[in-house]
Amino acid sequence: MKVLGIIGRTDNPLVHDGAAALIIDNKIVYAIEQERLSRSRYAMGQGAPDAIRACLQDTGHQLSDIDYITYGWRPELQSSTKISDNISVSNELTHLILPPELYDLKSPPPIHFVQHHYTHAASTYFTSGFDSAAVLVVDGRGEGESISLYHAKGQQIELIESYPMLYSLGVFYAAAAERAGLGGLGGHSGPGKLMGLAPFGQLRQEIDFSFDPDKGQFTLPASIQKAVDESNTPLLAGDMWKFWHNYYGENFYPFDGQSQKASSAYDIAHYVDLAASVQHKLEQICQGLAERVKKLTGEKNLVLSGGCALNCSMNAYLSRQNSFEQIYVFPAANDAGSSIGSALALSYTLAPPMVPQPRPSAPAFGRSYSDEEIAIVLGNYGFIPEKLSLGELMERVATDLADNKIVAWFRGHDELGPRALGRRSFLANPAHRENLGRLNKIKGREMWRPLAPSILDEHAETVLEGSMEPGLHRYMLGVASVRSEWRDQVPAVVHIDFTCRPHFVQKEEDGLYWQTINAFYKKTGIPLVCNTSLNVAGQPIVHKPEEVLDIFMTQDDVQTLVIEGFYLSKPPTSSAEQFKQSKYELSTAQK
Ligand SMILES: [Fe+2]
């Protein structure tokens, strides 16, 4: 059975993270985010037309081959069940989610709309490899709720409780990020930045927002509860956003970071204590929710999804509390993952597999490129393609990293979700603190934002301490502390609180990526490299070879480029412009 899952729509400029996925017989065959194709970060209000076309074309399918289409949001006009009945293509919503040429087809597949939080739950439980689990979904908001607790057993996921938008942890957290001038919910990486900022701050003030796991009750700060009580109209997410903004202004640094940024007076240091307080509260409340869902299900495993589950520090906090034996977070916990989740939800309902599907080793569900395709692109850029053996490639990259060069690494399929896990990454030597600044400069990131390590799995406990949960660290979704004896050796990945956000790399699963880090380890004694996503300021992670070549050609400090088995390296003193000139002259001379 073939199901095409979609998220994203074109009628609302605030709807973000459009994506499409193809599920065949309950297996994820392909998935990609709209932003990677449209080259517009977060694909605000774009829907997912390019992602849908890629799903079909890159897997050799026509829409007529597809049995069902699913969409990861259940509009209010549909039924109240978690998956709607078949909806006619003439439904007014259809043209908002399908590209015009598909909408105009005479007999497109039946469409089902799937409740948003249920898509998050399905994406994380059905990919967890568990045969039962407690499920916690926490995001900005679904159709009406902002937090949902489920009990998953076998092929069934049943809702136990949900909490309304009034208590949205996504709004609570993102409003603080916006307050700090980092950008808010949807279309911003503000919440991720606020998480990185929090360890710089002190918990000077407890936010009086709490959750009682025994009663299943939230308590809002008194001033917000008063504003809620006095409101004459039904509260929308924007109202809660405003209430939290006011609260932060009254209780923390009183000036708004967004307006501060317009003046020279802006300084992120003013917001570090706000970040610390908000992060602390998110962790406390999510631990309360974890205790609640544990109590209601009795399960030993916890799976999470929704945008808040991208908060690595919170995930690690839950892991440290040991309420559950194992924790797993679906790596595309943002709304892009709803493409997969909605399709899996329907597929498991209509034709469930006999046994749980294995957990994917990485969310590498997108496009890859053949040597022939890459050779043509390299030729178009004036390069004479030189393909290396994998052994030679690994050796050269390890040598370059040891020589403190920055490597652009492009191999394999696009990864779904915000983390780069060794397929489209910048790599660097963690032994030099300067590399934090070099990479942040290339990527246009704030200089205080940390870098993550990709670490050989078998050496993780030598370098790190704290939670070693593979369901988090395989996907760069937790944090661990760098052991004191290692901090001086890998300063580029040590954050202000001595933590890092590791990515565990396994020999059996990660092939040449593991071998390259291992070759670097043999040269330096350091079993990890800096790994950050392969994109520059304002751009999504690269998708095509041309996009990484453009970065290589314009960024002086990126000295080495790997595209599959092809290797390019700039002469030591060459700027990108000099290199570009010399390569064109070389290729012209040899033609
Ligand atoms: Fe969501």
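Residues in region 342-355: is at least one closer than 28 Å to LYS507 by Cα and out of contact with any strand residue (DSSP E or B) (no Cβ under 8 Å at 6 or more places or on another chain)? Yes: one or more hits. Answer yes or no as to whether GLY216 is at positive phi, in contact with a helix residue (DSSP H, G or I) (Cβ under 9 Å, 6 or more places away or on another chain) and not acidic (Asp, Glu). The answer is yes for GLY216. Scanning region 158-182 for residues that are more than 16 Å from the ligand (Cβ to nearest atom) and crowded, with 22+ Cβ neighbours inside 10 Å yields ALA175, ALA176, ALA177, GLU178, ARG179, ALA180, LEU182.
When ASP371, ASP335 are checked against the criterion of being crowded, with 24+ Cβ neighbours inside 10 Å and of a type in the set (Asp, Glu), a single residue qualifies: ASP335. Of the residues making up region 133-158, those that are more than 16 Å from LEU282 (Cα to Cα) and among the hydrophobic types (A, V, I, L, M, F, W, C) number 6. Residues in region 197-208 that are touching a residue at least 60 places away in the same chain (Cβ under 8 Å) and surrounded by fewer than 22 Cβ atoms within 10 Å (Cβ to Cβ): PRO199, PHE200, GLY201, GLN202, LEU203, ARG204, GLN205, GLU206. Please work out if ALA364 is free of Cβ contacts under 8 Å to residues at least 60 places away in the same chain and in contact with a Gly (Cβ under 7 Å, 6 or more places away or on another chain). Yes; evaluated as a whole, the condition is true for this residue. crowded, with 19+ Cβ neighbours inside 10 Å and either assigned by TED's automatic domain parsing to the domain that holds LEU344 or not in a loop (DSSP other than H, G, I, E, B) (or both), is that true of LYS226? So LYS226 does not fit the description; no. Criterion first (part of a loop (DSSP other than H, G, I, E, B), more than 23 Å from the chain's Cα centre (by Cα) and of a type outside the set (A, V, I, L, M)) does GLN489 satisfy it? Criteria met by GLN489. For region 495-531, filtered to residues that are of a type in the set (A, V, I, L, M) and farther than 22 Å from VAL558 by Cα, the residue that is surrounded by the most Cβ atoms within 10 Å (Cβ to Cβ) is VAL505.
Identify all residues within region 19-47 that are at pLDDT 95 or above and closer than 17 Å to LEU102 by Cβ; write none if there are none. Residues satisfying the conditions are ALA19, ALA20, ALA21, LEU22, TYR30, ILE32, GLN34, LEU37.
For region 374-386, a residue qualifies if it is surrounded by fewer than 18 Cβ atoms within 10 Å (Cβ to Cβ) and of a type in the set (A, V, I, L, M, F, W, C), and the qualifying residues are ILE376, ILE384. Out of HIS151, HIS117, one residue alone is under 27 Å from the mean Cα position of the chain (by Cα), closer than 23 Å to PRO363 by Cα and modelled with pLDDT of 95 or more. It is HIS117. Within region 122-133, can one find any residue that is within 22 Å of ILE66 (Cα to Cα), of a type in the set (Phe, Trp, Tyr) and at pLDDT 95 or above? Yes, there is a match, as at least one residue in region 122-133 is within 22 Å of ILE66 (Cα to Cα), of a type in the set (Phe, Trp, Tyr) and at pLDDT 95 or above.
Of the helices (runs of 4 or more DSSP H) lying entirely inside region 268-356, none contains at least 3 residues that are in the same structural domain as TYR475 (by TED's automatic domain parsing), without any contact (Cβ under 8 Å) to a residue 12 or more places away in the chain and more than 16 Å from the ligand (Cβ to nearest atom).
The values are calculated or read from the model by the stated rules, or taken from the named source; none is laboratory data. Just so it is clear, the model here is predicted, and its values are computed rather than measured. Virtual Cβ from ideal backbone geometry, glycine too; neighbours counted across all protein chains shown.
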